[in-house]
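The values are calculated or read from the model by the stated rules, or taken from the named source; none is laboratory data. From a predicted model like this one, the values you see are computed outputs, not experimental measurements. Please note: Cβ atoms are built from the backbone with ideal geometry, for glycine as well, and neighbour counts cover all protein chains shown. Note: areas computed on protein heavy atoms with side chains; ligands, DNA, RNA excluded. Shrake-Rupley method; radii C 1.70, N 1.55, O 1.52, S 1.80 Å.
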Amino acid sequence: MAYWLFKSEPGSWSWDDQVRKGVQEWDGVRNYQARNNMTAMAVGDRGFFYHSVDAKAVVGIVEVAAEAHPDSTDDTGKWTCVDIRAVRPFAKPVSLDDIKADPALSEMVLVKNSRLSVQPVSEAEWRRVCQLGETDPD
């Protein structure tokens, strides 16, 4: 299993929206690196749901429900996306400041390249962020 982080502006698509919807196409991503990350995903991979902009915090865990397929919002045919499903909320949101302050997370992509909307997370980072959020990593 691989681990990922999905960033979303809560005013556009929030954790509560994801929970209500169930399975959702993670569409509209127009960055080659983020697209390539989604292409590498497998059904069952887990991801952090991260509120960007003002909140800047990991707020939940999602699971990849469908592997990369054409993005329904793309008329060019060059963009793909995955479908994700909400698994569980974090007991305690983990802020970007908390992540940056933790030496064990200093190499996390979120710290090094905070603009990338879909990014990989190592297993050690996954477990540490879950620990900070008082949330079961499995």
- [ ] Quick one: count up the residues across region 19-56 that are part of a strand (DSSP E or B) and open to solvent by 10 Å² or more (accessible area, probe 1.4 Å).
- [x] 5
Open item on the list: Against the conditions (1) surrounded by 22 or more Cβ atoms within 10 Å (Cβ to Cβ); (2) closer than 30 Å to Q131 by Cβ, where does D71 fall short? Just the number, please.
Closed with: (2)
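Give the residues of region 1-42 that are among the β-branched types (V, I, T) and within 17 Å of D71 (Cα to Cα), sorted by residue number. Lay out the reasoning, then the answer.
Of all residues in region 1-42, those among the β-branched types (V, I, T) come to 19, 23, 29, 39.
Listed by number, the residues that qualify are V23, V29, T39.
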Task: Residue among V59, V64 that alone is closer than 17 Å to D83 by Cβ and part of a strand (DSSP E or B) - done: V64
